[in-house]
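Each value in this text was obtained by applying a stated rule to the coordinates, not by laboratory testing. In this text the structure is predicted, and so the values were computed from the model without any measurement. Cβ placement follows ideal geometry from the backbone for every residue including glycine, while neighbour counts extend to all protein chains displayed.
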Amino acid sequence: MAADGTEALTPLVRRRRDSVLDAVQPLLAAEGVDVTMDQLADAADIGRRTLFRYFPSKEVLVAAAVRRSYDQLLAEVFAAPPADLGPEDTIHAVLRRTHEVAERMGRAHWQVAADPESHGELGDAVAARQQARARYVVRFTDLLWERAGMDGGPPRWLVDAFALVESLFAFQALQRDLGRTSGEIVETTTTLMVAALHEAVRRS
């Protein structure tokens with residue numbers, strides 16, 4: 001069974017849960033995780049009792065929303081770059097798409113990542129984000145290593161370097177502290193990742 005118990009759900013319940021998550025995503029992005037179940041039910045245009053049938057608590061709903069956002073990120077981002085792109089162009093294409101998808105996640109995603117203790121019992125959402133984030137970084141690094149024509153797996157330090165520069169915390173620091181735009185952050189991150197990749201290839 002999946003860690004979130006979704007394997008036990010019928011196809012109909014899965015579809016209805018997905019419909020609810022689609023409907024509440026803009027609210028979570030705009031208002032964050034401190035919204036109430038009544039607000040979430042209103043956003044989904046269903047009754048509060050019905051919402052509880054699909055999600056027994058707000059924490060379960062937020063965790064499902066975070067997990068689903070990352071699943072969509074992985075599906076959309078890594079389907080985007082054409083197979084004939086070199087590693088540098090792949091980095092740029094993936095980062096542009098990642099930032100577009102991440103912007104849809106909005107405030108709730110930042111709260112889960114940066115300050116979960118201030119927003120109730122979000123342990124499941126934190127775990128979902130961490131697991132999905134690790135999958136994203138590893139998949140991204142593996143893709144670039146392969147497109148650089150390298151055999152075997154990338155060095156661990158390269159994975160760690162990518163995790164540092166391509167993170168929500170780095171994005172927020174550049175945007176909030178230095179006033180950088182999303183496009184400028186993509187360019188900076190691309191430059192750093194390309195340099196790290198070239199160094200890893202040189203050492204191998």
Discussion item. Assuming 0.36 nm per residue, please report the length gained on full extension of the stretch PHE169 to VAL13 beyond their Cα-Cα distance.
Written reply: 52.7 nm
Discussion item. Once R0 is set to 22 Å, what does the formula 1/(1 + (r/R0)^6) return for the Cβ-Cβ distance between ASP84 and HIS198, expressed as a FRET efficiency to the nearest 0.05?
Written reply: 0.65
Worksheet entry | Separation in nanometres of the label points that stand 7 Å from Cα toward Cβ, at THR188 and ARG49 | 5.3 nm
Discussion item. Given Cβ point charges of +1 (Lys, Arg) and -1 (Asp, Glu) and nothing else, what value in debye, to the nearest 20, does the dipole of the range 1-154 about its Cα centre take?
Written reply: 460 debye
Response to the item:
Out of VAL186, ALA196, MET105 - ranked by how far each Cα lies towards the positive end of the dipole of the range 60-203, with unit charges on the beta-carbon of charged residues - the top one is MET105
Response to the item:
Between GLU31 and THR181, the two model label points (7 Å from Cα along the beta-carbon direction) sit apart by a distance in nm of 3.2 nm
Response to the item:
With x for Gly and Pro, the residue-by-residue ³J(HN,Hα) of the range 148-154, computed from phi through the Karplus equation 6.51 cos²θ - 1.76 cosθ + 1.60 at θ = phi - 60° and given in whole Hz, is 7, x, 9, 8, x, x, x
Worksheet item: What's the angle, to the nearest 10 degrees (0 to 90), between helix 58-77's Cα axis and the longest principal axis of the chain?
Response: 30 degrees
